[in-house]
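Structure, as structure tokens:
All of the numbers you see were taken from the coordinates with simple rules; none came from a lab. Quantities reported herein were computed from a predicted structural model and do not represent experimental measurements. Cβ placement follows ideal geometry from the backbone for every residue including glycine, while neighbour counts extend to all protein chains displayed.
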Amino acid sequence: MKKLVSIFVMVMVTSFSLIIFNSCVKQDFDKPPIGIIPIGEVVNIAQLRQIFADSSAYTFTSDYSLYATVVMGEATGNIYKSAYVQDTSGAINIYMKNSGGLTFGDNIRVYLKNCDVSKYGELLQIANVDNDSNIIITGTGNFLEPRMVTISELNDAMESGNFDEYESQLIQFDSVQFSLGDIGKTYADADDYGERFIEDCDFNSVMVRTSDYASFAEELLPEGKGPLVAIAGRYNNTIQLLIRSTLEVKLDGPRCGAGGGGVTSIDEDFSEQQNYEDINIDGWLNVAIEGSRRWQGKTFNDEVYAQATSYNSEEANECWMITVGIDLDAMTNPMAKFETAMAYWEHDGLTVLFSTDFNGANISGASWIELDCTIAGQHDPDHEWIQSGDIDLSGFSGQGYLAFKYVGSDLNGNTTSYRVDDVKVWDTEK
């Protein structure tokens with residue numbers, strides 16, 4: 001009996017000691033359950049847009065909630081203290097007080113009390129969002145399918161003032177490529193945002209903007225064509241696509257106009273090109289490296305030709321017109337010729353080049369040799385066609401590309417207009 005009493009006393013003393021010890025230690029209390037954050041009236045994104053339309057910037061002072069799915073978070077570092085969310089009525093940006101916490105595929109409830117509906121750079125957003133008290137994650141793994149769009153649809157919507165239809169949504173292009181002027185660059189510049197452009201095969205283009213903090217900022221842009229998934233962002237009246245991951249940039253197919261093997265003859269008089277429209281010939285490339293101007297079709301005295309100029313461009317220009325690949329190994333004695341003219345001479349702006357290591361995409365990464373030929377110049381009459389002379393290409397092998405490079409600057413008065421016509425490549429032995 002004494003033994004049992006002793007054991008009982010020891011247990012009581014030990015228990016009392018533990019109580020005293022624990023009372024001296026600071027406890028980490030559990031967070032309050034989600035249920036104590038009110039739901040209030042539920043609104044959708046379309047209603048938030050209408051609230052802003054009715055009252056401009058608006059602060060919620062009572063209990064409202066938005067249910068939505070995150071389509072872009074901060075996982076790759078391309079956006080900061082921000083997320084894009086969608087519901088069945090539309091999409092919107094969320095700007096948070098702190099970084100982190102949301103991943104695409106999360107289902108969330110946004111408790112809107114004390115949050116603002118406002119615009120930054122014309123992008124509608126829910127601002128002043130506290131990560132802990134305004135956001136409740138209700139589920140994960142809900143990966144929404146992107147909306148299929150075209151570049152022209154986005155551009156038309158922005159131009160007509162109807163970009164709300166696409167703003168902040170997860171979208172996908174079926175077949176696009178980065179512009180040749182951007183090939184060889186990384187997604188972002190060192191210590192600065194990267195502003196690159198994707199295009200379709202009709203030269204419609206739109207900007208892709210990437211933060212230098214993105215995990216893929218230093219990766220080289222892909223050189224091919226294919227599908228691309230992004231968020232349709234904006235800054236004022238400029239569309240700014242945001243990439244979630246390079247796994248969704250599958251540009252590994254042949255570029256626009258890229259054929260299989262090279263040709264063994266070219267006879268191009270540009271007669272099928274339209275006046276003041278960019279040159280568009282199957283297999284040829286027409287790219288603006290600097291500025292926005294490309295080679296265009298032009299008609300003068302009922303003659304159609306290709307023209308490049310910086311006149312009234314209000315910018316510096318560098319544009320290249322490159323022929324389809326030429327299969328030099330299938331030719332015994334390859335030759336080339338063309339004719340050029342100029343108008344309103346101010347500078348020598350045309351160079352004719354040839355490359356056998358151009359990959360059809362990376363102009364700056366190829367070796368270009370200036371050809372020995374005659375080009376219209378300062379002392380030739382305006383509009384008079386000058387023959388290049390026959391150009392012997394037999395010293396080259398493999399697949400070759402003939403390029404017409406125009407450089408000018410309206411800012412510096414270098415505005416000579418150059419014209420090219422009757423481009424021919426042939427084998428003298430056939």
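Summary table
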{"quantity": "Anisotropy class of the range 266-427 from Cα gyration tensor, a/c 1.5 cut", "calculated": "prolate"}
{"quantity": "Sequence of S211, S292 once ranked by neighbouring C-beta atoms within 10 Å, starting from the fewest", "calculated": "S292, S211"}
{"quantity": "Coarse-grained scattering of the chain at q = 0.06, 0.09, 0.11, 0.13 Å⁻¹, given as base-10 log I(q)/I(0) from a Debye sum over alpha-carbon atoms", "calculated": "-0.40, -0.70, -0.90, -1.09"}
{"quantity": "Within a Gaussian network of the chain (alpha carbon springs, distance under 10 Å), most fluctuating of G283, G184, G161", "calculated": "G161"}
{"quantity": "Rounded if a/c under 1.5, otherwise prolate or oblate - the range 68-149, Cα gyration tensor axes", "calculated": "rounded"}
{"quantity": "Estimated Rh, the range 254-346: Kirkwood, alpha-carbon pairs, angstrom", "calculated": "14.9"}
{"quantity": "Cα-based helix-to-principal-axis angle, 151-160 vs the chain, degrees rounded to 10", "calculated": "80"}
{"quantity": "Top of N312, N414, N128 by mean-square fluctuation, Gaussian network on the chain, Cα under 10 Å", "calculated": "N312"}
{"quantity": "Among Y111, G253, N301 the positive-end extreme of the charge dipole of the chain (Cβ point charges)", "calculated": "Y111"}
{"quantity": "Note, ³J(HN,Hα) from phi for the range 39-45, Karplus 6.51, -1.76, 1.60, rounded to Hz, x at Gly and Pro", "calculated": "9, x, 7, 8, 10, 10, 5"}
{"quantity": "Positive minus negative residues near A403 (Lys, Arg vs Asp, Glu; Cβ under 14 Å)", "calculated": "-2"}
{"quantity": "Size of electric dipole in the chain: Cβ of Lys, Arg +1 and of Asp, Glu -1, about Cα centre, debye, nearest 20", "calculated": "3520"}
{"quantity": "Net charge, V176 excluded, C-beta distance under 9 Å - Lys, Arg +1, Asp, Glu -1", "calculated": "-2"}
{"quantity": "Most mobile listed residue (S417, S160, S245) in the chain, GNM with C-alpha springs under 10 Å", "calculated": "S160"}
{"quantity": "Between 0 and 90°, nearest 10: helix 2-22 axis offset from the chain longest Cα axis", "calculated": "40"}
{"quantity": "Within the chain, helix-based [θ] at 222 nm, where runs of 4 or more DSSP H residues each add -39,500 (n - 2.57), nearest 500", "calculated": "-3000 deg cm²/dmol"}
{"quantity": "Longest to shortest principal axis, alpha-carbon extents of the range 147-248, angstrom", "calculated": "35, 26, 22"}
{"quantity": "Residue order, fewest to most beta carbons within 10 Å, for K430, K250", "calculated": "K430, K250"}
{"quantity": "The range 147-248 - charge dipole about Cα centre, Lys and Arg +1 at Cβ, Asp and Glu -1, debye rounded to 20", "calculated": "180"}
{"quantity": "Listed residues Y67, S205, W426: farthest to the positive end of the dipole of the chain (Cβ charges)", "calculated": "Y67"}
